[in-house]
Ligand SMILES: [Zn+2]
């Protein structure tokens, strides 16, 4: 699957490390259209990565928008050393949390279970 052009220009807004960006683009390309547009149309959504050796002094957070509180997907750069399927599962899992706003899909569902299950639905099962 090749990244859709509008996804690519959307990702340009985030200062992602190039290797992680490639994986983020691949995961975004596999998202169902309504999930992708949930992120693309939310000015409060952001991707961010950091080097865990130096604790992040400041993680930029966008202002809340009419779509609700801001959402950030934060990735550790050490992820790059993991296998591709693990990296993409982590990205999909974090996007699932963002899409579900850290809740389950229904009342009482464990948010971690929901995120893993949604990530698997998108083609990224837990390795
Ligand atoms: Zn989780």
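The values are calculated or read from the model by the stated rules, or taken from the named source; none is laboratory data. This one's a predicted model, so the numbers in the text were calculated from it and none came from an experiment. Backbone-built Cβ (ideal geometry, glycine too); neighbour counts: all protein chains shown.
Within 15 Å of the chain's Cα centre (by Cα), buried (at least 16 other Cβ atoms within 10 Å of the Cβ) and more than 15 Å from the ligand (Cβ to nearest atom), is that true of residue 19?
It is false that residue 19 is within 15 Å of the chain's Cα centre (by Cα), buried (at least 16 other Cβ atoms within 10 Å of the Cβ) and more than 15 Å from the ligand (Cβ to nearest atom).
Evaluate the following for residue 42: is it part of a loop (DSSP other than H, G, I, E, B), away from the ligand (no atom under 16 Å from the Cβ) and surrounded by 15 or more Cβ atoms within 10 Å (Cβ to Cβ)?
yes
Each row is one residue, and each column tells you yes or no for (1) surrounded by 15 or more Cβ atoms within 10 Å (Cβ to Cβ); (2) out of contact with any helix residue (DSSP H, G or I) (no Cβ under 8 Å at 6 or more places or on another chain); (3) in a loop (DSSP other than H, G, I, E, B).
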| site | (1), (2), (3) |
| --- | --- |
| 97 | yes, no, no |
| 106 | no, yes, yes |
| 124 | yes, no, yes |
| 127 | no, no, yes |
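Test each condition in (1) closer than 24 Å to residue 22 by Cα; (2) within 16 Å of the ligand (Cβ to nearest atom); (3) in contact (Cβ under 8 Å) with a residue 12 or more places away in the chain for residue 49 and report the one that comes out false.
Result: residue 49 fails condition (2) only.
Just to check your reading of the model, which residue among 92, 26 is surrounded by 15 or more Cβ atoms within 10 Å (Cβ to Cβ), within 16 Å of the ligand (Cβ to nearest atom), touching a residue at least 40 places away in the same chain (Cβ under 8 Å) and not in a loop (DSSP other than H, G, I, E, B)?
When all the criteria are applied, what remains is 92.
Inspect the stretch 58-71 for any residue being in contact with a helix residue (DSSP H, G or I) (Cβ under 6 Å, 6 or more places away or on another chain), outside any loop (DSSP other than H, G, I, E, B) and at pLDDT 95 or above and give the result as yes or no.
Checked the stretch 58-71: no residue is in contact with a helix residue (DSSP H, G or I) (Cβ under 6 Å, 6 or more places away or on another chain), outside any loop (DSSP other than H, G, I, E, B) and at pLDDT 95 or above.
Could you check the stretch 80-89 and list, in sequence order, the residues that are away from the ligand (no atom under 12 Å from the Cβ) and at pLDDT 95 or above?
Residues satisfying the conditions are 82, 83, 84, 85, 86, 87, 88.
Considering every residue within the stretch 99-119, establish whether at least one is away from the ligand (no atom under 16 Å from the Cβ) and touching a residue at least 24 places away in the same chain (Cβ under 8 Å).
The answer is no, given that none of the residues of the stretch 99-119 is away from the ligand (no atom under 16 Å from the Cβ) and touching a residue at least 24 places away in the same chain (Cβ under 8 Å).
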